[in-house]
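Each remark here refers to the structure printed beneath this line.
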Amino acid sequence: MVIRKSFLYPGIFRVLILMLFSLLLIITTYSGSAYANTTSEAIPLQPIIDAAQIGDSITLAPGTYLGPVYINKRLTISGEGRATLLNSSPDAEVAVMIQADGVKLQGLNIQQDNGGEAAAIRVEADQVTLKDLVIHTFGFGIMLREADSGVIVNNKIRWFIPKGATSRKRGNGIDLYNSHGSDIRENEISYLRDGIYLEKSRNTKVDHNRLFHLRYGVHCMYINGSSVTNNIGEYNITGAMVMGVSDVMVSGNSFRKQNQNVHSQGILLFDVRTSQIVNNVVEGNRVGIYMQQSSDNTLQNNMVLRNYIGIQFEGSEGNRFQKNAFIANVIEAEATDSKNNKMTRNFWDSFEGLDVSGDGVSDLPYAINPFYQQLVTENAAYQLFFQSPGMTFLSDLYTNDKEQWSTDSEPLMQLDSVHANVGQVSEGQGSVMVVGWLLLFFAVITILYMGVLRL
């Protein structure tokens with residue numbers, strides 16, 4: 001028996017060690033590190049670019065290359081995920097400067113060591129494609145300046161995360177100014193200031209990006225005709241800040257867990273006109289949707305759940321709120337100085353309606369009482385009495401200018417099928433799953449090891 005056991009367990013441990021090695025390999029691959037070899041073996045990249053002809057395709061051999069580099073002719077440069085560009089020159093503001101139309105840069109790891117306004121990539125040309133890049137930066141990730149029709153796809157952009165650095169000292173992940181018609185999709189951005197910052201950049205598409213641990217996941221100013229769709233933002237101060245725009249589509253996004261700051265919101269709308277905010281999920285934020293000084297917009301089919309305040313609007317008139325679902329929010333809605341908003345057929349889970357006709361719509365309206373919001377605005381200390389019997393009693397007595405309150409004239413009695421299964425499973429749990437598997441693995445090793453000792 002002893003000989004058989006001593007033969008069996010080493011085999012088991014060899015298998016377990018191989019499993020551990022495989023898990024570590026998966027985690028290393030997932031991290032997409034861009035850290036470079038800084039030895040003397042690094043190759044200057046600029047001479048390779050200078051020797052190429054217009055229209056050439058350059059495939060870099062695996063290894064470390066030195067920047068900064070300037071690309072002033074149409075080239076395609078590929079690192080196939082195995083080449084790293086290191087920019088540690090203290091005098092270089094960018095690792096890669098692109099000043100020629102039609103350049104394509106793909107499959108390259110970039111390490112930008114300079115901070116402040118320095119960027120890993122700066123584009124000053126049209127129709128540039130940046131794809132499959134892994135960027136670690138002390139400054140900005142990708143900058144576009146007066147560069148139209150750019151394509152920025154499937155890049156990973158991350159801050160170095162030095163101890164004590166605050167978000168306002170970091171650069172933005174993708175930063176556009178006066179650059180129109182760009183396609184920004186399937187990027188993953190974390191630990192920077194703003195994930196995607198757009199200013200004066202019309203007709204831009206921001207789609208299917210993942211944005212974590214930022215100030216604003218998406219920050220938009222003066223981007224008329226653009227769209228922000230199908231993005232995921234978690235653990236930011238605000239998921240999407242949209243301001244000073246018209247004719248913008250904000251649709252299909254998931255903004256969860258923006259709740260660590262007193263100014264945290266899932267979606268913030270300021271001075272927004274004639275835009276569509278539809279089919280979004282805002283969950284677990286301090287404020288789900290915040291709207292200020294905005295008019296003539298449509299908010300429809302949004303799922304607003306488990307926020308401290310579901311929706312809050314101030315000085316916003318003429319908007320349409322239809323078929324939204326408000327579920328398990330501490331405060332469902334707050335509204336001040338907001339008249340002539342058309343609210344119909346929303347679901348309010350705390351509202352006790354009455355449906356005499358049986359058509360699924362309450363015969364009693366749902367009115368948003370502004371008493372509590374006005375009270376705490378004048379004296380924040382009254383928040384201590386939130387939902388106390390006295391505060392509820394006073395709110396029920398308050399009827400001043402009730403005809404001016406924002407009111408849902410036809411609230412739904414039940415949650416419709418469109419929202420019934422939305423928002424039940426949170427996104428972005430991949431890292432948690434990996435940690436769980438590692439813990440289980442080490443638990444198995446411990447159990448087997450202790451069993452061997454006892455035998």
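The sole residue among LEU66, LEU8 that is open to solvent by 40 Å² or more (accessible area, probe 1.4 Å), touching a Pro at 6+ places or on another chain (Cβ under 9 Å) and at pLDDT below 95 is LEU66.
Is there a residue in the range 26-40 that is out of contact with any Gly (no Cβ under 8 Å at 6 or more places or on another chain), over 20 Å from ASP132 (Cα atoms), at pLDDT 50 or above and small (Gly, Ala, Ser)? Yes, the range 26-40 contains a residue that is out of contact with any Gly (no Cβ under 8 Å at 6 or more places or on another chain), over 20 Å from ASP132 (Cα atoms), at pLDDT 50 or above and small (Gly, Ala, Ser). Among all positions in the range 115-124, there is at least one residue which is open to solvent by 10 Å² or more (accessible area, probe 1.4 Å) and assigned to a strand (DSSP E or B).
For beta carbons closer than 8 Å, sequence separation of 6+ or different chains, a first residue in the range 319-345 that is part of a strand (DSSP E or B) and a second that is among the charged types (D, E, K, R) and open to solvent by less than 20 Å² (accessible area, probe 1.4 Å), the qualifying pairs are PHE321/ASP408; PHE326/GLU332; MET343/ASP408; THR344/ASP408.
Among the residues of the range 354-371, those identified as at pLDDT 75 or above, open to solvent by less than 60 Å² (accessible area, probe 1.4 Å) and under 11 Å from THR407 (Cβ atoms) are TYR366, ALA367. For the range 114-165, the set of residues classified as out of contact with any Phe, Trp or Tyr (no Cβ under 8 Å at 6 or more places or on another chain) and β-branched (Val, Ile, Thr) consists of ILE121, VAL123, VAL128, THR129, VAL134, ILE135, ILE142, VAL151, ILE152, VAL153, ILE157, listed by residue number.
From the residues in the range 346-365 that are in contact (Cβ under 8 Å) with a residue 60 or more places away in the chain and in a loop (DSSP other than H, G, I, E, B), which one is farthest from GLU283 (Cα to Cα)? Applying the filter and picking the extreme gives GLY353. Checked against (1) within 23 Å of HIS213 (Cα to Cα); (2) crowded, with 24+ Cβ neighbours inside 10 Å; (3) out of contact with any Gly (no Cβ under 7 Å at 6 or more places or on another chain), VAL282 meets all criteria but (3). Applying the criterion of being β-branched (Val, Ile, Thr) and open to solvent by 30 Å² or more (accessible area, probe 1.4 Å) to the residues of the range 215-271, the residue that is nearest to the chain's Cα centre (by Cα) is ILE237. Of everything in the range 141-161 that is modelled with pLDDT of 95 or more, part of a strand (DSSP E or B) and surrounded by 24 or more Cβ atoms within 10 Å (Cβ to Cβ), the residue that is farthest from the chain's Cα centre (by Cα) is LEU144.
The values are calculated or read from the model by the stated rules, or taken from the named source; none is laboratory data. Since this is a predicted model, take the numbers as computed values, not measurements. Glycine also receives a Cβ, built like all others from the backbone with ideal geometry; neighbour counts cover every protein chain displayed. Heads up: the accessible areas ignore ligands, DNA and RNA and are worked out on the full protein's heavy atoms, side chains in. Shrake-Rupley method; radii C 1.70, N 1.55, O 1.52, S 1.80 Å.
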